[in-house]
2 protein chains.
Amino acid sequence: MGDGMNRRGFVATGVGLAGALLTATRLPASGRGPQLGINGDRLLRHHRGLAEIGRTTAGGARRLAFSQADQAARAYVTELMRGAGLDPTVDVAGNVIGRRAGSDAELRPLMVGSHIDSVPEGGNFDGPVGVIAGIEVAQSMEEQRLRTRHPLEVVVFTNEEGGKTGSRALIGEVAARELQLVTASGLTIGDGLRAVGGDPDRLDGARRSPGDIAAFLELHVEQGSVLDTQNVDIGVVEGIVGIKRWSVAIDGFANHAGTTPMDQRRDALVAAGELVVTIHRGVKELPGRQVATVGRIDAQPGAPNVIPGRVDLSLEIRDLDMEKIDVIFGEIRTAADRIAGETNTAIAFDQFYESRSAPTDERMRDIVERAARELSLSTLRMPSGAGHDAQSIAQLAPVGMIFVPSVGGISHSPKEFSWPRDVLNGANVLLHSLLNVDARNWS
Amino acid sequence: MGDGMNRRGFVATGVGLAGALLTATRLPASGRGPQLGINGDRLLRHHRGLAEIGRTTAGGARRLAFSQADQAARAYVTELMRGAGLDPTVDVAGNVIGRRAGSDAELRPLMVGSHIDSVPEGGNFDGPVGVIAGIEVAQSMEEQRLRTRHPLEVVVFTNEEGGKTGSRALIGEVAARELQLVTASGLTIGDGLRAVGGDPDRLDGARRSPGDIAAFLELHVEQGSVLDTQNVDIGVVEGIVGIKRWSVAIDGFANHAGTTPMDQRRDALVAAGELVVTIHRGVKELPGRQVATVGRIDAQPGAPNVIPGRVDLSLEIRDLDMEKIDVIFGEIRTAADRIAGETNTAIAFDQFYESRSAPTDERMRDIVERAARELSLSTLRMPSGAGHDAQSIAQLAPVGMIFVPSVGGISHSPKEFSWPRDVLNGANVLLHSLLNVDARNWS
């Protein structure tokens, strides 16, 4: 597993680091105008400040959407927005939106944003990096008296980890029954929205129409190991992969493990083993960047001395191309029929989840790529295997996404980590991309 | 799956059946003395009577050792013993022992027995068949004024399903700390023993020495499908297989299922799948009647969108030959090392259970086999894959075991079933075997 230290040939030695990194990212000249860069020390300070809220003993984050920690983090970030010259409000979906006027009142806003809520045992980079960098970009522009033509909106989206409630409210996708779901915080989504200043009864008020937003940019940590392993600075995201998930039920016959000869067994776990291995091998060998995962398994009755009669497992397939997901599933299904025949079991698939893939805008990819190169940063075009708020906004506006490396690809863990230098690189790419997006007309 | 109907070409039509079957089993003459047989109607009536106690809505049995149902069943069986001319007492291990004097006061007792407790969702054949038949054998001898030379003991062993407490007390194997274990009834074994009239503080009082028992016979349902599938009437048990069990821990690395490329995964469940399949195939292909089972599996963290970083599973191997178990385990371990290397995981085995194999006595096998043949019943020599009280007693005396077919091999289930004809065949083989055992001198 690669790590940032070797990759960049420096050793992190505390306080002095941020300054050194900042200097490094300031050196390359942006294609447009002044020697522009964000304030790296301040960004890292703000990032550390946010990390103190909901900090766990393991050094990770527990900021479940709607929890006390989430509410405290929202208050903290709202204050940062004010300090950055943004005018924060909370919409009915609980999204914190910090606005900054543009020079041309006719233009629709450019939006940047991400989230600050975490999974139960999360880290400090998944989400916060994009929010803190967005605020820093605004503050840097404010200090450097740089006004964009378009109005700017820096957004903290509500409950990303628990179902992208905030960004999906912008596209009118949050159904009434969804508001009844109990989240990890213990509150329903509806009650949670009330707790953070939203209004679940008027959720349509958060909705935007296609064209209401000129363009959207999200900076995020990769959450995978591709950039880290390949020693690349910036990921230019081609889109957020589509996801399909199935419940798979394997029915064999539970029987006494001592008295049932091997050749008379209908062992559902043996069938499951064959299936898991076949899925892994088959999907790995296909050309492309598709992934398939069996993450959950349950064997019944589950005693050491009883042959499993029933196994339930999950299957998930992800790819940028929804049709390819279907083709892969078809092949898995064929293999499952063969396995069922060989093991004298029955294997049934029940799809329970689908998330359509969301390609980024080709123009946005070019802008991000160019901004990175002008900062002398290496780039790689890649899919995002994880879901992001950007995928909701893609239904309303051209979106672009910027990835920075995650050390070891560790994600949704207290051990999740990105080097400060990479975070600052990402923020600078966000700033320069935003300026280039602003320079363009989005009709 | 075979079933008794096809095997014997008759249709079960209720009340008339037992009589017809009984007639059939009475026809063949025993090699020794009179036209001897048990009273099949009475045996089936007693069996049905016992089945009413702890009967579940599914038609199975819930007679957990030490529970109210177990206590009621013990009272019922004690009454049957009295009616059969047996003199029942309860030893300090809670075993109900029905004694009948022999004609030679110098001889040590012959013992027959089994159990009447059940697993939580059990059936009405595993255990009760041997107990009810033992009592019936005594009652038939009483009615036919047949006195054995040896004293006879018909025993209901305590808590077979929860650890063979009663029979293991006879060999002094029940340790003090075992008495603290909480059983499925909610009582500790110690308190349970008190509840059924035993005395856990004086458990040594139940102990017998090698030689104290002349010989032991247990009639039991096969709990497997071998006799049913091969259309054989009586199984002549070669011994109770040995068992070893391991906890298997597979450590990979939990990571995001969307962002971790297939070729960079350390998926503990893929390793587990390979292992389960390899164990099943390998053990199936070996010559012999060994079995190996993975019955329990747990994958963590267990979410559809997270690659399993850790899998825990159980491995159990059974065979009559303890050394063969070790050889098989060695091969599994070698395969596991290969799989761990291929999947970039670590696989560790921790043995947590061992039960030594207990061969039956060759003379007893011959006697059972001859008794069955004299009744024109087909026989098959076979191991018992399940544990039985006989395996404890094998440390004290020559033991023999008689199996009757289990339809479809179903065991530890409300669907467990043996045809009345097979139960009565078994009881008659028990009677005739016992008489032949009695005729012999066991020095």
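Annotations for the structure displayed:
- Links that overshoot a 18 Å alpha carbon limit, given the list B:LYS244/B:LYS415; A:LYS284/A:LYS324; B:LYS284/B:LYS415; B:LYS244/B:LYS324: B:LYS244/B:LYS415; B:LYS284/B:LYS415
- Every Cα-Cα pair in the stretch B:342-422 was counted, and those over 14 Å apart are 74% of them.
- Nearest-to-axis residue of chain A, judged by beta-carbon position, where the axis maps A onto B, in Å: A:GLY273, 2
- Assigned charges on the beta-carbon of Lys, Arg, Asp, Glu; chain B dipole about Cα centre (debye): 880
- Global geometry of the stretch A:143-258, whether rounded, prolate or oblate, following the gyration tensor of its Cα atoms and the 1.5 cut on a/c: oblate
- Heavy-atom accessible surface of the protein assembly as shown: percent carbon and sulfur, 1.4 Å: 49
- 22 Å tail of the calculated P(r), the stretch A:59-154, as % of Cα pairs: 30
- The heavy atoms of A:LEU269 present about 0 square angstrom of accessible area, all protein chains included, probe 1.4 Å.
- Fraction of alpha-carbon pairs over 14 Å apart in the stretch B:165-213 - percent: 49
- Each copy carries a label point for A:GLU342 at 7 Å from Cα along the beta-carbon vector; from one copy to the others these points are 1.2 nm apart, nearest first.
- Max mean-square fluctuation residue, GNM over chain B, Cα-Cα springs under 10 Å, options B:ALA372, B:ALA169, B:ALA184: B:ALA184
- Residue-normalised accessible area of the protein assembly as shown, given per residue in Å² at a 1.4 Å probe: 37
- The figure for B:THR229 is an accessible area of roughly 70 square angstrom, using a 1.4 Å probe on the protein chains alone.
- Most fluctuating residue given options B:ASP41, B:ASP298, B:ASP233, as computed from a GNM of chain B linking Cα atoms under 10 Å: B:ASP298
- Averaged over the residues of peptide B:279-287, the number of Cβ atoms from other protein chains lying within 10 Å of each residue's Cβ is 3.
- Residue-averaged beta-carbon neighbours from other chains (10 angstrom radius) around B:365-376: 0
- DSSP-defined beta bridges in the protein assembly as shown - what % are antiparallel, rounded to 5: 70
- Hull volume in cubic angstrom per residue (convex hull over the Cα atoms of chain B): 152
- The same position B:ARG149 in the other copies lies at 11.6 nm from this copy, comparing label points 7 Å beyond Cα toward the beta-carbon, shortest first.
- Antiparallel DSSP beta bridges within chain A, percent to nearest 5: 70
- Each principal axis of the stretch A:99-176 carries a Cα extent, and these read 40, 30, 10 Å when sorted largest first.
- Inter-copy label distances at A:ASP298 (7 Å, Cα→Cβ; nm, one decimal): 1.4
- Look at the stretch B:218-226: the mean tally of other chain Cβ atoms within 10 Å of its residues' Cβ atoms is 3.
- Ligands, DNA and RNA aside, A:ARG62 has an accessible area near 110 Å² when probed at 1.4 Å.
- Measuring how big the stretch B:239-373 is from its alpha-carbon positions, Rg and Dmax come out at 19.0, 69 Å.
- The share of Cα pairs per 5 Å bin across the stretch B:259-298, counted from zero up to the longest distance, runs 5, 19, 23, 17, 13, 10, 7, 4, 2, 0 percent.
- Annotation: Cα Rg of the protein assembly as shown relative to the compact-globule expectation 2.2 N^0.38 Å equals 1.25.
- The stretch A:193-295: C-alpha gyration tensor shape, a/c 1.5 cut-off, then a/b vs b/c: oblate
- The stretch B:343-399 versus the stretch B:169-234: alpha-carbon centroid distance in Å: 15
The values are calculated or read from the model by the stated rules, or taken from the named source; none is laboratory data. Computed from a prediction, not measured in an experiment: that's the story for all the values here. Please note: Cβ atoms are built from the backbone with ideal geometry, for glycine as well, and neighbour counts cover all protein chains shown. Note: accessible area is taken over every heavy atom of the protein model, side chains too, but ligands, DNA and RNA are not part of it. Shrake-Rupley method; radii C 1.70, N 1.55, O 1.52, S 1.80 Å.
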